[in-house]
Amino acid sequence: MMKAFVVEKFGERPELKDVPTPKPSVGEALVRVKACGIGLTLSWVRLGRMSGSAPRIIGHEIAGVVEQVGEGVTDLAPGDSVAVYFYLTCGKCKYCLTDRETICTNFGGNVGTRIDGGFAEFVKLPAANLFKFSPDKVSYGKASIISDAIATPLHIAKRRAAIHPLDRVMVIGAGGGVGIHMVQMAKLFGAEVFAADVSDEKLALAKKYGASHLINVKKEKAEEAVKRLTSKAGVDIVIDFVSSPSSISSGFKSLAPHGKLVLLGHFHPEDPLHIDDPQDVIRKEISILGSRYATKQEFREAIEMVERGLIEPVVTSVYKFKDTDQALRDVEEGKVAGRAVVEST
């Protein structure tokens, strides 16, 4: 038996329980969880807004040590340090075979929604979702958040926003767990970064990690701040981790001609996608882009970027395993700047 935090029904809080320790079958591995990152995506998972089934052990930003491998697993061995790829993809469709797993045609859901995740002492996962890293270069706590908080910004910077040196990039939600790494990634790609968020604490963190301009949207509208800071020129790219009607509207108004608006926050079903003057899409040749997670190759690259010291995983709050639900509550209530991580003893 093992300890795990279980969401019995979507909408309920995770509860600490004794559950059977899973055993790996063909193509799988059993991982002893050393750390699990916590971001707002888990709130959506807990509420059942990312499909899946319950009861469920949630948590997908996982780093740990391989304990046991199942039949047919040849590239992993007990003792290997691994981080976990979030999506369950087929590996065989034309998209998976061309480094585009984010749009896999046989998408199987996510770790922590369709199969159990990392709010546990052990997790059983497909070996294809496990990627090795060096614990001598990266701690387990920092390695855990590479999966989502760092690989996602890399996908945006490379594929969706296609950031170039000298671009002006505004990150909405810049002090959050993914946003703070987007600030770093945009800076690494050569951009001048405009950080927008709701508190001075989060903006101070964004400044520490590379933002040149800080916009507190509680004090000033983002589009007005951008006009002031750019002499009315606007920014080339807006990356919106909030994706609320107001943030989308502000982001759109902040764009220069030929600008790109990249959306990847979770939409509320009742919220329309609203743009004040849709004709501007044509007049200014604006691109509105969606972005979701990262490919496996980008995850590999994100791990290497951290190992080389190019990107710093921003873990600001560390919790003990027994306090897992409190960590999730703090993230849901907006009390955490950067990323929260639960670590095992």
Item to complete: Rounded to whole Å and ordered largest first, report the semi-axes of the equivalent ellipsoid of the range 162-290 derived from its Cα gyration tensor (root of 5λ).
Response: 20, 17, 14
Worksheet item: How big is the antiparallel share of DSSP beta bridges in the chain, given as a percent to the nearest 5?
Response: 55 percent
Worksheet, complete the sentence: Listed residues Arg300, Arg159, Arg46; largest mean-square fluctuation, Gaussian network over the chain with Cα springs below 10 Å, found at Arg159
Fill in: Residue with peak Gaussian network fluctuation, the chain [Cα springs, cutoff 10 Å], from Ala233, Ala120, Ala161
Ala233
Discussion item. I need the GluC sites (Glu not before Pro) found in the range 183-243, filtered to DSSP loop residues with at most 15 other beta carbons within 10 Å of theirs.
Written reply: Glu220
Discussion item. Can you compute the charge dipole magnitude of the range 1-117 about its Cα centre, using +1 on each Lys and Arg Cβ and -1 on each Asp and Glu Cβ, nothing else charged? Give it in debye, rounded to the nearest 20.
Written reply: 380 debye
Worksheet item: Got a sec? How would Thr74, Thr230, Thr105 order by Cβ neighbour count within 10 Å, fewest to most?
Response: Thr74, Thr105, Thr230
Discussion item. In the chain, if the dipole is taken from +1 on Lys/Arg beta carbons and -1 on Asp/Glu beta carbons about the Cα centre, which of Gln279, Val198, Leu214 is farthest to the positive end?
Written reply: Gln279
Discussion item. Taking the Cα centre as origin and putting +1 on Lys and Arg beta-carbons and -1 on Asp and Glu beta-carbons, what dipole magnitude results for the chain, to the nearest 20 debye?
Written reply: 300 debye
Worksheet item: Going by how many other Cβ atoms sit within 10 Å of their own, how do Lys158, Lys322 line up, fewest first?
Response: Lys322, Lys158
Worksheet item: Going down the list Lys187/Lys322; Lys23/Lys132; Lys227/Lys284; Lys124/Lys296; Lys23/Lys158, which pairs span over 27 Å between their C-alpha atoms?
Response: Lys187/Lys322; Lys23/Lys158
Fill in: Partner aspartates and glutamates for Lys253 [C-alpha distance under 16 Å; skip if fewer than 8 residues away on the same chain]
Glu220, Glu223, Glu224, Asp236, Asp240, Asp276, Asp277, Asp280, Glu285
Worksheet entry | Fewest-first ranking of Ile172, Ile303, using other Cβ atoms within 10 Å as the exposure measure | Ile303, Ile172
Worksheet item: Counting other Cβ atoms within 10 Å of each Cβ, which GluC sites (Glu not before Pro) in the range 279-329 have at most 14 and sit in a DSSP loop?
Response: Glu285
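Only the coordinates and a few stated rules stand behind these numbers; no lab work does. For clarity, every value in this text was computed on a predicted model and none was experimentally measured. Reconstructed Cβ throughout: ideal geometry from the backbone, glycine too, with neighbour counts over all protein chains shown.
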